[in-house]
Amino acid sequence: MEKTGYHWFSLRTLFRDRFTPFRENSKFIAIFLLAVLFITVGAWFFKHQQPELGQIKNFLLESRLNYIITGIAITIIYIVLQGFMYKMSFASVGKKVAFSSAILVFLKRNFISIFMPAGSVAALAFFTDEVEEGEASKTKIHFASSIYAFTGIVTVVLVAIPILIYAVSRGLSAGTEIFALLTMILIVSAIYFLYKSLVKKNFLYRIFIKLFPSSEVFIDEIKYIEVGLNFSESPLSYDLVLTTTFNSESDLEKYMNHPEHKKVLVFLNQVTEKKALVDYEI
C-alpha cells in the first residue's frame with residue numbers, strides 16, 4: 001500500500017509540474033485561442049461573403065448622398081443609445097461606468113457577435129476588463145450585462161407591437177408574425193416573473209436554493225464583498241483583507257449582529273493572531 005501510494009503521489013507531482021505553466025498562463029492561452037478562432041471565422045466569413053461585400057461599393061455609388069449621411073447619423077445615434085443602455089444597466093447594480101467605456105464595450109461585443117453562434121447573447125461574456133475596475137466584480141458585470149440583454153429584448157417587443165398592429169390593419173402581416181410576437185411576449189414575461197421570484201425569495205428561489213445550495217445569500221445587507229491576499233513582504237502588512245460595502249450604517253450594524261457573521265468571527269478568532277478594522281464612508 002505504501003509503495004502504491006508513493007508512486008501515485010510521484011505521478012501526480014509529475015503531471016502537476018508539467019502542467020503548472022499551462023495553469024499559470026491559462027488566461028493568456030484562452031485569449032490566444034479565442035483570437036485565433038475569431039480570425040479564422042472572420043476570414044471564412046469575408047471569403048464566403050465576398051460577392052455581397054463587393055456589391056456594397058456599387059450600392060454606395062448609386063445611392064443619394066443625403067440618404068448616406070442620414071444613415072450614418074442614425075447609426076451614431078443608435079450607438080450612443082446602446083452605450084447609454086449599458087451605462088444605466090451598470091448603474092442599476094451600483095457600478096459607475098464611464099460613458100466612453102460603455103460605448104467601447106458595446107462596439108467590441110457587437111463586432112464579435114457577428115462571428116459567434118448566438119452571438120448577441122454569447123458576446124455578453126466578453127470584454128469585462130473594460131469596466132472591471134475598483135470594486136466591480138465579474139458577477140456584478142455579468143449581472144449588469146444580463147439586465148442590458150433583457151432590456152434590449154423588451155424594447156424589441158415594444159417596438160414590434162405598433163408595427164405589427166399597423167401591418168395587420170393594412171393586410172400586410174400573416175399569422176406567423178403574430179405567433180412569433182406572442183411567443184416573445186411570453187418569454188419576456190416568464191423571465192420577468194422568474195427574476196422577481198428570485199429577488200423576493202419566493203417559490204422559485206426556494207427551488208433554486210435546493211438545487212444549488214452554494215448560491216444562497218445569507219446576509220442581504222451586503223452590497224459588495226471582496227477578499228484580497230497580500231503579496232507584500234513588509235512586516236507591517238497583513239496576510240488577508242476582507243472588504244465589504246453597505247448602503248448605510250444601519251445595514252452595517254445588521255451585518256455585524258447577523259448570526260452568520262458571528263460564526264465567521266468565531267472561526268477567524270481561532271486562525272488569526274492579529275486583526276484590524278476600518279469603517280469609512282465613500
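The values are calculated or read from the model by the stated rules, or taken from the named source; none is laboratory data. Since the model is a prediction, treat every value here as computed from it, not as a measurement. Positions of Cβ are backbone-derived with ideal geometry, glycine not excepted, and every protein chain shown enters the neighbour counts.
The table below gives the values:
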| read-out | value |
| --- | --- |
| In the range 249-264, residue surrounded by the fewest Cβ atoms within 10 Å (Cβ to Cβ) [restricted to those that are under 32 Å from the mean Cα position of the chain (by Cα) and not charged (D, E, K, R)] | Pro259 |
| Subset of the range 56-85 that is modelled with pLDDT of 90 or more and among the aromatic types (Phe, Trp, Tyr) - its residue that is surrounded by the fewest Cβ atoms within 10 Å (Cβ to Cβ) | Tyr78 |
| Lys254 basic (Lys, Arg), more than 24 Å from Val93 (Cα to Cα) and not assigned by TED's automatic domain parsing to the domain that holds Phe143 | no |
| Near pairs, Cβ below 6 angstrom, 6+ apart or cross-chain, from the range 86-112 (in the same structural domain as Ser145 (by TED's automatic domain parsing)) to any residue that is at pLDDT 85 or above and among the charged types (D, E, K, R) | Val97/Lys87; Phe99/Lys87; Ala102/Lys87 |
| Residue satisfying condition, being outside the structural domain of Met256 (by TED's automatic domain parsing), more than 30 Å from Lys274 (Cα to Cα) and modelled with pLDDT of 75 or more, within set Gly152, Gly171 | Gly152 |
| Criterion: in contact with a Phe, Trp or Tyr (Cβ under 6 Å, 6 or more places away or on another chain), within 20 Å of Leu124 (Cβ to Cβ) and modelled with pLDDT under 80 - qualifying residue of Gly94, Gly42 | Gly42 |
